[in-house]
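So the structure is just underneath, and the comments pick up after that.
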Amino acid sequence: MKKYEDRFAWRGERPYAAIRRSRESGFTLVEVLTTSFIIVTVMTIAIVTYIMLLQYVADNATQAVIQSKARLAIDKIARDARHASLVNCSGSGDSIILTFDPTKMGQEGGLTYSRYRLVDDDIMYSPDGTDDSETVFLESINMDSGDVLFSYNGGRKLLTIDVKTTNTGVNVEQDAHLTTIVKVRNAY
């Protein structure tokens, strides 16, 4: 027994006290369940927050793509309109025909045409003004009744381009509404 007592002597305890304490040490079932509940709750909050953050980032990336496509479309139309000699806008505002006179830009040649028009929910582009060469220029245009895509003020030589695009994502419908006013430089 002396050997056993020597092992615990450095702590100033008696052997039977160490044995009794080892039986009492540990966690109760209530402590284990409470700790588990707290850990699960914290982990759930962290995972839900992370998933929401990922969805927010994905939605912002989609919105940036929508705005970028709409901006590129408006910029191309505006660039063409700036160099047009004549702008013919339909009364409903859903199509525009641009006429280019190379002599206005110091070049030789005959008149050329390009056309942008709304067909269903897409803006179609025709580099020569005919239906044969028409291609989809911008998809998912959101036009309500009474909305105007193009309007031209011939007196001031200003073309207004108003584009609303819509993308229906997994959880949300995202819109981009861009408007620009272009000064037609070469107009008659």
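Modelled with pLDDT under 95, of a type outside the set (S, T, N, Q) and closer than 30 Å to E173 by Cα: is that true of V57 in this structure? The answer is yes for V57. In this structure, G91 does not satisfy being at pLDDT below 85, exposed (fewer than 13 other Cβ atoms within 10 Å of the Cβ), at positive phi and small (G, A, S).
Among the residues of region 28-86, those identified as hydroxyl-bearing (S, T, Y) and outside any helix (DSSP H, G or I) are T28, S85.
The values are calculated or read from the model by the stated rules, or taken from the named source; none is laboratory data. Computed from a predicted structure; not experimentally measured. Backbone-built Cβ (ideal geometry, glycine too); neighbour counts: all protein chains shown.
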